[in-house]
Amino acid sequence: MKIRRFRGFTLVELLVVIAIIGALIALLLPAVQAAREAARRMQCSNNLKQMTLACLNYEDVFKALPHNGIKWNATETSNYSLAISWRGWLLPYIEQASLYEQLDKVKYNVGYACASDNVTNYNILTDQKVSISGYWCPSSPLDKFVTAVNTWYGTNCLHSHYMGIGGSYIHHTRNTWTAGQKKNNIDSIGGCILHEATELSQITDGTSNTMIIAEESNYHIKPDGTQETLGTDSYTFAFLMGQEWSGGSNQNPSQRDNCRPFGISFVRFQVNQRVDFTGYSNSWMNAPIRSAHSGGANIGFVDGSVRFASSTTNLDEVLCRLADKDDGQTVNFP
């Protein structure tokens, strides 16, 4: 039998070469994918780095870290619900000063960034008019913009894949909320991003031992494997949504049942922990730190550093200690 030749190769030799090339591609593909994910994880870490440094630049101007709403005092009687979040206050320090100057920061419903009830912010932010890549993790499968469409939420306003840390469930100031909007949730004043500004002098555990911003860049997974879009802005609101408490002469968030701290979470679970929030009201207040990166998530600290916390990091002895700024407990953390 005559063996057919192709440009100096026999058919058998050509098939062997093709098989070898295919095998090499199969071997190299996981390495290429891993390299791409490593680059995305590094970019995510850099996003957190820029935000934590922006917090320090904000502090240099205002002598306190950015807050997540309007500080309560005894003379305030109007409804300060839906106030600007920490993400909004950071805008001038992440090269978004022009956007910051345009936004309405004082009228009612300023935090409902896409709500037609606040015409100024609605016109500026709706329909993807504003995008900030630094607020998005490049590995995240989550939407970058609000998808709900109605007069409250608007449509296609900017989301963020990062949340502020308001403390932990074991801090001595925690409130175990059992009524109204606080049902089955935890609040504390142990963290750095709260409804009132935190001064660096209050971080007695040290800035390198206190987290301030963390990822929420992946779907929340329930114990049965079901995924849901649980987020600290509820994924129906946009990145400007901050502390909310509604009406009445007593607007101290620690004394009201209708208090909802959008944009932040109180550490109550391990990184990427699977939790069933069925029956919880406004469960984003305890949304676990989570990411699409393999094995853990990035966390930014007050000193400007960013570290990777694995999914096996101890909750009470490490994560909660790092979430609280003044519990007197410091830990060794990579």
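The values are calculated or read from the model by the stated rules, or taken from the named source; none is laboratory data. In this text, all values refer to a predicted model and were calculated from it rather than measured experimentally. When we count neighbours, we look across all protein chains shown, and the Cβ atoms used for this are built from the backbone with ideal geometry, even at glycine.
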Can you name every residue in the stretch 146-204 that is at pLDDT 90 or above, small (Gly, Ala, Ser) and in a helix (DSSP H, G or I)? SER201
How many of the residues making up the stretch 1-27 are among the hydrophobic types (A, V, I, L, M, F, W, C) and modelled with pLDDT of 70 or more? 13
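Just to verify a result, which residue in the stretch 61-78, among those that are part of a loop (DSSP other than H, G, I, E, B) and β-branched (Val, Ile, Thr), is modelled with the lowest pLDDT?
For the stretch 61-78, the residue satisfying everything is THR77.
Table: residues versus (1) on the phi > 0 side of the Ramachandran plot; (2) buried (at least 21 other Cβ atoms within 10 Å of the Cβ); (3) in contact with a Pro (Cβ under 7 Å, 6 or more places away or on another chain); (4) free of Cβ contacts under 8 Å to residues at least 24 places away in the same chain.
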position	(1), (2), (3), (4)
SER265	no, yes, no, no
GLY295	yes, no, no, yes
PHE301	no, yes, no, no
ARG307	no, no, yes, no
THR312	no, no, no, no
ARG321	no, yes, no, no
LYS325	no, yes, no, no
VAL331	no, no, no, no
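Looking only at the stretch 303-333, count every residue that is assigned to a loop (DSSP other than H, G, I, E, B) and under 27 Å from PRO141 (Cα atoms) and tell me the total.
Summing the residues that are assigned to a loop (DSSP other than H, G, I, E, B) and under 27 Å from PRO141 (Cα atoms) in the stretch 303-333 gives 6.
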Every pair of residues 6+ apart whose Cβ atoms lie under 9 Å, when the first sits in the stretch 91-109 and is in contact (Cβ under 8 Å) with a residue 12 or more places away in the chain while the second is surrounded by 12 or more Cβ atoms within 10 Å (Cβ to Cβ) and charged (D, E, K, R): TYR108/ASP117; ASN109/ASP117
